[in-house]
Amino acid sequence: MKKLFLLALLIGLSINVSAQNVSVSKARFQRGDDPNWAKPELNDASWSEIDMTRNWDKQGYVINQGYGWYRVHLKLSSSMIKGADQQKIVVFNLPKADDTDECYLNGKLIGKTGRMPGDKGGYRSAWSTVRNYPVNVKDGIIRWDADNVIAIRVYNAGEPGGLFDNPLTVRVPNAIEGLSMHFTDVNDGQAHCDVQLSNSYPLTTTGKLDIDITDRETGKKIGGLSKKLSPKQGKPIRLSVPYDKKKICLLTATFTDAKTGKKISQKFPLKYILTPPAPAAPRFNGAPLFGVRPNSPVIYRFPVSGERPMKFTADNLPEGLTLSESDGVLSGKIRRPGNLTFTVTAENAKGKASQEFTLKVGDRMIALTPPMGWNSWNCWALSVSQEKVMSSAQALIDKGLADYGYCYMNIDDGWEAAERNPDGTIAVNEKFPSMKALGDWLHERGLKFGIYSSPGDFTCGGYLGSIDHEKQDAESYNSWGIDYLKYDWCGYSRAHAKERDKGVASYVRPYLLMQQFLREQPRDIFYSLCQYGMAKVWEWGPFVDANSWRTTGDINDTWGSMYDIGFQRQAGLAPYAAPGHWNDPDMLIVGKVGWSSNLRDSRLTPDEQYTHITLWTLLASNMLIGCDIAQMDDFTVGLLCNHEVNLINQDILGKQADRVLKQGDIEVWARPLADGGTAIGIFNVGDEDQQVDMKALYSDIAKAKTVRDLWRQKNLSAGELNCTIPTHGCRYLKVTL
Ligand code: GAL
């Protein structure tokens with residue numbers, strides 16, 4: 001050990017040694033590239049000294065699209081392997097590398113991460129990957145109790161470059177260190193969770209995997225399995241564990257190594273469905289009204305669940321309107337302002353239901369309840385195509401989401417061609433063969449069609465914006481049958497930078513301009529402002545006749561993002577929402593999302609997803625689904641298709657919830673409803689489960705004649721008002737005094 005420290009001092013390295021662990025942060029360094037630099041016998045005494053935990057550009061070396069080599073001399077004591085759990089492998093854990101690396105031990109390649117420019121398949125960065133390179137002791141590469149040379153070749157594409165983050169550590173891992181578990185919760189038909197056990201080290205570890213499924217409400221074990229397994233490197237083992245998706249379950253997986261008794265254990269909350277199944281008989285799930293401007297086409301699909309075929313009829317249907325018998329799509333035009341009330345009946349083999357419905361016709365009558373539908377951004381981002389929009393629209397109908405009021409199908413960024421047509425009109429790219437045909441196809445099904453642009457020269461995704469072409473673009477939208485425009489500031493920041501006076505008027509101007517042209521079109525176009533809440537858009541949004549305005553930057557599928565946007569930044573905005581004009585805390589992040597052509601399950605836990613939908617419906621937010629509907633599972637359908645929950649969002653009083661109480665990690669948000677009731681969300685935003693006496697928490701609950709659990713669609717007894725709210729979870733109540 002003494003010798004090791006002396007060596008370290010001699011060559012100017014800092015080394016930390018413990019029994020099975022050696023750490024080094026300093027190395028010798030040379031810019032450039034030469035295969036001879038991997039050789040242990042090379043004399044590197046003239047190389048400079050470098051810190052491997054900080055990028056090389058921070059230490060005076062600017063190397064872009066180029067190479068640098070690090071060399072570390074290290075004496076490895078044979079004592080580190082004696083007495084360890086296993087004597088087969090030693091792991092070389094490298095610092096992270098901007099962008100790719102190759103690692104040589106005593107002249108032999110022991111690991112590589114990312115691809116160098118000359119490699120098959122071309123360069124690929126792997127800057128954020130953890131580098132653990134196992135070396136088999138049997139291979140004899142390690143020189144015990146002698147000088148070892150670790151040479152690391154690094155390629156950097158662009159600043160920052162070189163090794164960074166953690167020191168180089170040489171470790172003898174214990175028997176289970178290379179094991180990891182991965183869970184995939186498949187919530188269709190028979191729900192099951194696939195548990196994958198992998199071993200990243202070339203060690204055979206034999207042991208037992210115990211999987212327990214416990215009911216989180218009763219604490220009782222209700223399922224699971226036990227199996228003896230030997231996970232090997234490169235051969236992950238997959239086990240499928242069925243569970244009851246109607247129960248709130250926790251899966252705990254524990255692997256115990258037979259030889260040492262060491263364990264790895266992980267908990268995974270499973271998806272659960274609270275929404276009761278819809279009855280087979282017809283049920284109207286939408287608000288009892290819809291608004292349209294005089295002479296604009298009416299497009300309204302009655303949201304009615306129940307078995308198909310179904311027959312729709314109307315009593316006293318106003319002149320100028322027709323109702324399609326088979327799918328309940330209302331269409332036509334009304335010339336004069338006014339309220340037209342009529343009764344619509346839906347009938348199927350299992351029964352019959354009716355709704356008294358009012359069509360409100362007037363200049364300011366659109367968006368009387370928040371828009372419900374879909375937007376392509378959170379799933380496909382710039383890889384959106386006409387085919388993907390149609391597939392999601394078809395799934396919206398087939399999976400029954402249209403029966404709950406989801407109707408807008410909105411294309412976000414990525415549809416525009418690289419250049420405008422010679423006459424200045426906007427052109428679409430090859431992924432959209434015909435906007436007009438797509439619009440017609442959606443309208444035939446009673447769905448609505450949305451699009452995206454920017455008041456600037458370019459959109460956020462680098463596509464063409466509408467600057468200097470606002471009138472032409474509004475006319476194109478009309479000719480395609482557009483019903484919704486999301487108008488995203490983004491590239492306008494360049495035009496705005498040139499403004500001398502950057503007061504509120506400079507923020508209003510581009511939005512007012514487009515609104516004038518939209519209003520000239522002979523159809524209703526929902527106007528959605530997207531400028532992230534600048535210049536307190538909620539204060540002036542109604543005056544540019546905006547129907548909604550984003551209040552924050554972009555959401556992503558993490559608790560941090562959802563908490564910040566939904567809880568922190570919406571508090572206090574309630575007074576600005578009203579029928580026709582809504583605060584928009586951004587699109588939904590449930591289901592399969594990914595902002596690319598690679599989709600994955602939302603990273604929100606099931607409890608967080610209940611919180612998300614509860615809060616967004618309370619906030620009278622736009623309800624735009626952000627996932628691929630074709631791949632939507634039963635859990636997500638349950639989240640989005642609870643008519644009692646959705647009717648809070650669609651409540652015709654149009655009052656947004658505000659935070660009425662914050663007690664430690666418990667927040668209460670409440671909104672008054674048109675029928676005199678109050679919708680109340682009780683949220684646990686903390687990291688621990690909490691016992692909550694809901695009566696004691698909020699006086700309206702104690703005073704209430706009825707307390708309804710909206711997710712479970714049942715009235716609660718006094719005894720049920722004391723409950724545990726899981727971390728990041730919630731309870732959603734409607735109280736009637
Ligand atoms: C962002 C916007 C996103 C999405 C994206 C498209 O500015 O907030 O919702 O529309 O642009 O590039």
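Each value in this text was obtained by applying a stated rule to the coordinates, not by laboratory testing. Fair warning: this is a prediction, and the values are worked out from it, not measured in the lab. Here the Cβ positions follow ideal geometry from the backbone for every residue, glycine too, while neighbour counts run over all protein chains shown.
Can you tell me, using C-alpha contacts under 8 Å and at least 6 residues apart, the relative contact order of the stretch 322-362 as a whole percent?
Rounded, it is 36 percent for the stretch 322-362.
For Gly491, the residues 5 or more places off, or on other chains, whose built amide H falls under 5 Å of its own are Gly456, Phe458, Cys460. Rg and Dmax of the stretch 89-244, based on Cα coordinates, read 20.3, 61 Å. Excluding the site residues themselves, the longest part of the chain lacking any GluC sites (Glu not before Pro) in a DSSP loop with at most 14 other Cβ atoms within 10 Å is 42-216. With the cut-off at under 19 Å, measuring from each backbone N in the stretch 170-186 to a point 7 Å along the Cα-to-Cβ line of Trp144 picks out 170-175.
Here the calculated FRET efficiency for Asp675 and Ser324, from their Cβ-Cβ distance with R0 = 22 Å, stands at 0.15, rounded to the nearest 0.05. What separates the Cα centres of the stretch 19-82 and the stretch 503-529 is a distance of 59 Å. Modelled label positions at Glu356 and Met534, each set 7 Å beyond Cα in the direction of Cβ, lie 4.8 nm from each other. Of all DSSP-defined beta bridges confined to the stretch 372-641, some 20% are antiparallel rather than parallel.
Legend: calculated FRET efficiency, Arg509 to Asn339, from the Cβ-Cβ distance at R0 = 30 Å, rounded to 0.05, equals 0.30. For the stretch 46-160, what D do you get in µm² per second when you plug the Kirkwood radius from alpha-carbon pairs into Stokes-Einstein at 10 °C and 1.306 mPa s? Using the Kirkwood radius from Cα pairs, D works out to 104 µm²/s. Residue by residue, the stretch 596-601 carries 3J(HN,Hα) couplings of 5, 7, 9, 9, 9, 5 Hz when phi is fed to the Karplus relation 6.51 cos²θ - 1.76 cosθ + 1.60 (θ = phi - 60°); x denotes Gly or Pro.
Expected output is a single nm value to one decimal: the length gained when fully extending between Arg603 and Ala45, i.e. 0.36 nm times separation in residues minus the C-alpha distance. What is it? Don't jump to the answer; show the numbers that get you there.
Values: separation 558, 0.36 × 558 = 200.88 nm, distance 4.95 nm.
In short, 195.9 nm is gained.
Under a 5 Å amide H cut-off, with hydrogens placed 1.01 Å from N, Leu289 pairs with Thr358 among residues at least 5 apart or on other chains. For the pair Ser180 and Arg238, label points projected 7 Å from Cα toward Cβ lie 1.7 nm apart.
Amide H to amide H distances under 5 Å link Asp98 with Gly162, Leu163, Phe164, where only residues 5 or more positions off or on other chains count and H is placed in the peptide plane. Within the chain, DSSP assigns beta bridges of which about 85% are antiparallel (rounded to the nearest 5).
Listed values for the stretch 71-88 are Karplus-derived 3J(HN,Hα) couplings in whole Hz (6.51 cos²θ - 1.76 cosθ + 1.60, θ = phi - 60°), namely 10, 10, 9, 9, 8, 9, 7, 5, 5, 5, 9, 5, x, 6, 3, 9, 10, 8, and x replaces Gly and Pro.
In whole percents, the pair-distance distribution calculated for the chain from its alpha-carbon pairs, binned every 10 Å from zero, is 3, 12, 19, 20, 18, 14, 9, 4, 1, 0.
Specify the inter-centroid distance of the stretch 562-582 and the stretch 236-294, based on alpha-carbon positions, in whole Å. For the stretch 562-582 versus the stretch 236-294, the Cα centre distance is 29 Å.
Using a Förster distance of 25 Å, how high is the FRET efficiency between Glu430 and Ser479, based on the Cβ-Cβ distance and rounded to 0.05?
Efficiency for this residue pair is about 0.80.
Hey, got a sec? Which chymotrypsin sites (Phe, Trp or Tyr not before Pro) in the stretch 220-282 land in a DSSP loop and have at most 13 other Cβ atoms within 10 Å? Counting only loop positions with at most 13 other Cβ atoms within 10 Å, none of the chymotrypsin sites (Phe, Trp or Tyr not before Pro) in the stretch 220-282 qualifies. Around the Cα centre of the chain, unit charges on the Cβ atoms of Lys, Arg, Asp and Glu (plus for the first two, minus for the last two) sum to a dipole of about 2060 debye. Note that the stretch 569-575 has calculated 3J(HN,Hα) couplings of 9, 9, 4, x, 8, 3, x Hz, one per residue in order, obtained from phi through the Karplus relation 6.51 cos²θ - 1.76 cosθ + 1.60 (θ = phi - 60°); glycine and proline are x.
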